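Input: a single structure, listed below in C-alpha cells.
The values are calculated or read from the model by the stated rules, or taken from the named source; none is laboratory data. Small disclaimer: the values here were computed from a predicted structure and weren't measured. Here the Cβ positions follow ideal geometry from the backbone for every residue, glycine too, while neighbour counts run over all protein chains shown.
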C-alpha cells in the first residue's frame, strides 16, 4: 500500500472552515484508507491506500469532504516518495537549517514553470526569495510571513495555480510521521 500525505487548504483558521481532525481521520477510514493520522490542527493527514494518481485522489477526497462533512476545501496529495523529493529539492538548505519557520513550501495543484516563477519574483516588494519547479514552490520570508505582502492570493495568481503552504518545520514533521508509518 502507498503512503500518502494530504494537505487541506485554509482550514481551521479563526472562524473559517472549521473541521475536527477526528472527523477527517474517520472520513478517510470510512473511505477505505488505513493508518490514518493527523498532524497539528491545520489539515495535515498521512494515510495508506492502494496506489493511484494524485489528481483523482484529490478530487475524491474533496468530493467526499464536501458531501460527508460539509467542508468545501481543496486537498493537495503527495506520496511519501514525492514528499522526500520536496525535501531533497529544497533550494534553501541553509535557511531551512537556521530559520525553518520562515521557509514555506507551497504545494500546487498545477505546475510552476519558469515563466510563472519569474512573474512571481517580479511581483515581490520585500526581501522574499522564491524558487519553484514542478508541483512545488519554495519561499523564504527573511522578515517574517505575517508582515509580507507576498500573499497566497498573489502567489496563486502569478503561478497560475491553487496552492497551500506549510512551513519547513511542518514539512519535516510530516516526513517524520511517514517514517513512523514505514
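Those residues that are under 18 Å from residue 19 (Cα atoms), free of Cβ contacts under 8 Å to residues at least 12 places away in the same chain and assigned to a helix (DSSP H, G or I), I need them from the stretch 60-104; list them, please.
If the condition is that a residue be under 18 Å from residue 19 (Cα atoms), free of Cβ contacts under 8 Å to residues at least 12 places away in the same chain and assigned to a helix (DSSP H, G or I), then 63, 66, 67 are the ones that fit.
Looking at 119, 163, 137, 105, which one is touching a helix residue (DSSP H, G or I) at 6+ places or on another chain (Cβ under 8 Å), farther than 23 Å from residue 3 by Cα and either surrounded by fewer than 19 Cβ atoms within 10 Å (Cβ to Cβ) or outside the structural domain of residue 8 (by TED's automatic domain parsing) (or both)?
That would be 119, the only listed residue that is touching a helix residue (DSSP H, G or I) at 6+ places or on another chain (Cβ under 8 Å), farther than 23 Å from residue 3 by Cα and either surrounded by fewer than 19 Cβ atoms within 10 Å (Cβ to Cβ) or outside the structural domain of residue 8 (by TED's automatic domain parsing) (or both).
Which condition number in (1) assigned to a helix (DSSP H, G or I); (2) farther than 11 Å from residue 2 by Cβ; (3) modelled with pLDDT of 90 or more; (4) in contact with a strand residue (DSSP E or B) (Cβ under 9 Å, 6 or more places away or on another chain) is the one that residue 45 fails?
If we test residue 45 against (1) assigned to a helix (DSSP H, G or I); (2) farther than 11 Å from residue 2 by Cβ; (3) modelled with pLDDT of 90 or more; (4) in contact with a strand residue (DSSP E or B) (Cβ under 9 Å, 6 or more places away or on another chain), just (1) comes out false.
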